[in-house]
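Worksheet: the structure to be examined is printed underneath.
The values are calculated or read from the model by the stated rules, or taken from the named source; none is laboratory data. From a predicted model like this one, the values you see are computed outputs, not experimental measurements. Every residue, glycine as well, gets a Cβ built from its backbone with ideal geometry; the counts of neighbours run over all protein chains shown. We work out accessible area using only protein heavy atoms, side chains counted, and drop any ligands, DNA or RNA first. Shrake-Rupley method; radii C 1.70, N 1.55, O 1.52, S 1.80 Å.
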Amino acid sequence: MALFIEVQVAPELANDEANAKQLEEVCPVDVFSSKSGGALEIVDANVDECTLCELCLAVGKPGQVKIVKLYEDGGGALERTA
Amino acid sequence: MRFYEYESKQLLARHGIVLPQGSKVAHTPAEARAIAQEIAGPTVLKSQVLSGGRMKAGGVLFADTAEEAEAACAKILELEINGHKPRGVLVEGRQPIAQEYYLGVTWDGIAKQPIMIFSDMGGIDIEEVAETHPEHIGRKHFSTLIPFSDHKAKELVASVGITGSDLNRITRFVAPLARIFAKYGLTLAEINPLVRLENGLFVAVDAHVDMEAEAAGEHKELLAELGIGEDETRQARPPTPFEIEGKRINEVDHRGVAGNVTEFKGSLGLIIGAGGGSLTLFDAVKKHGGDPANYCEIGGNPSVSKVCNLTKLILSKPGVEKVAVMMNVVSNTRVDLVARGVIKGVIESGMDPAEKIAIFRIPGSWEGDGFTILKKYGVEFCDRSVSMYEAAGRAVAKMRSV
């Protein structure tokens, strides 16, 4: 179970095959896995490996992907705003 | 990486160093008999173990006939020396010795250059000779950057008063040994004794070679030719299951280094590193009276899971009460990722990070996030304003209060 990082992906993005594939490709530590048919899976075993590189935030529309630092008071979420 | 005597001698022989007659390894008494028959004279049989004290333990026997050699080999193969079973028995011809000499090449850490050492008093501990008869020892540094000249070797031998044909003959051992040392990344190349036989010829009766562990990758071909497998660590003792598991954890994930695990009997687990920092920190822990349970270097930005698995391994060792995570200032390893890995490892071991982590001292990249993580889990940490020595002291003090 991830202790330090939480990844939130908006359902409409997670269900889009092209975006799911793009998330899988950009993540350097394999947090995302795209399944055939479009569904996105978050690989729980790799979530704590997140290096906060923010590459995933560029996929989809602003706010569709959020990276939450669970160790910061108040969440400390990273997301694209524009 | 230590070489067996027979491997050391094979390496020396490739570079023209003269060995005793025969000089082959037998794995069975029948093979020893065949080698002794070829030699057709008195032989010496030596247990091939990576340990000293062979003579005292009965691992070196003499034989006058092939039958005696066969029986001696059978005895030696049964013999365990300091916990080591022999890999084989070296069978060599034995001739009357007129004089023994010592010849060694090693690394002088202070001068930061290789040093050749020669003495006309061989066959015994060179340290003893240095104390009791310093006038019988010659020393000479040389550079690895320029080709080694025979003249240097001659100067060394002449420095203990040897002249004439003996000087020329001994030079033919010294010069190749120095070149072998530099060429193969050795930490020690030793012939003890180098002997002058009664007929005036010189032979290398015993030899000892140690290769820098990091040089092994560069000399794979040589090691394969000598029959040294890639899985052989050749340290002073065989690796423990704990050390093997540490190596496995390092190898299954290419990200960073979390390895070079060496096991000790203490109670403080150490996750240490950074540009010589690991040795400095280990020494500091010892200096403060600490009792390390292990030595484990990390660096190169290991993954969270790698550090986590390593922490779990260290905590799984009976007798380990706490771990200290300490590095020099780092730019190539992220503080937050190491903090995540260590804390995760402690929690997955069913323990409390605040209780189990004695000190966390890794200043460097992403330390802001790292310190936030440590604070959240109640782990004592410090930044670069606290020296490595002081951090080690804090860890040891915490162990005393357990």
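Scanning the stretch B:306-343 for residues that are open to solvent by 20 Å² or more (accessible area, probe 1.4 Å), polar (S, T, N, Q) and touching a helix residue (DSSP H, G or I) at 6+ places or on another chain (Cβ under 8 Å) gives B:N309, B:N328. Could you list, ordered by first residue, the pairs with Cβ atoms under 8 Å in which the first is in the stretch B:164-178 and among the aromatic types (F, W, Y) and the second is open to solvent by less than 20 Å² (accessible area, probe 1.4 Å) and not in a helix (DSSP H, G or I), at least 6 apart or interchain? Qualifying pairs under 8 Å: B:F173/B:I17; B:F173/B:L103; B:F173/B:I191; B:F173/B:L194; B:F173/B:F202; B:F173/B:A204.
Would you mind listing the helices (runs of 4 or more DSSP H) fully within the stretch B:289-402 where at least 2 residues are within 14 Å of another protein chain (Cβ to nearest Cβ) and of a type in the set (D, E)? It would help to see each step written out before you state the result.
On the way: elements: B:304-316, B:335-348, B:353-356, B:367-376, B:388-400.
Counting at least 2 such residues, we get B:335-348, B:367-376.
Which one is least open to solvent (accessible area, probe 1.4 Å), of the residues in the stretch B:195-244 that are among the β-branched types (V, I, T) and part of a loop (DSSP other than H, G, I, E, B)? Once the filter is applied, the top-ranked residue is B:I228. When B:E70 is tested against (1) closer than 24 Å to B:I124 by Cβ; (2) acidic (D, E); (3) out of contact with any Gly (no Cβ under 9 Å at 6 or more places or on another chain), just one condition goes unmet, and that condition is (1). Look through B:I146, B:I115 and report the one residue that is without any contact (Cβ under 8 Å) to a residue 40 or more places away in the chain, of a type in the set (A, V, I, L, M, F, W, C) and assigned to a loop (DSSP other than H, G, I, E, B). Of B:I146, B:I115, the one residue that is without any contact (Cβ under 8 Å) to a residue 40 or more places away in the chain, of a type in the set (A, V, I, L, M, F, W, C) and assigned to a loop (DSSP other than H, G, I, E, B) is B:I146. Criterion applied to B:K376, B:K398, B:K356 was being among the basic types (K, R) and farther than 20 Å from B:V320 by Cβ, and the one residue passing it is B:K376.
In the stretch A:62-71, of all residues being out of contact with any Lys or Arg (no Cβ under 8 Å at 6 or more places or on another chain) and farther than 17 Å from A:F32 by Cβ, the one that is most open to solvent (accessible area, probe 1.4 Å) corresponds to A:L70. Filtered by the rule that a residue be under 19 Å from B:G277 (Cβ atoms) and open to solvent by 90 Å² or more (accessible area, probe 1.4 Å), the stretch B:372-389 gives B:R384, B:S385, B:Y389.
Is it the case that some residue within the stretch B:129-141 is among the aliphatic types (A, V, I, L, M) and within 16 Å of B:I191 (Cα to Cα)? Even if it seems obvious, please write down each step before you answer.
Restricting attention to the stretch B:129-141, the residues satisfying the condition of being among the aliphatic types (A, V, I, L, M) are B:129-130, B:137.
In the following step, the residues that additionally are within 16 Å of B:I191 (Cα to Cα) were identified as B:129, B:137.
Yes - at least one qualifying residue is present in the stretch B:129-141.
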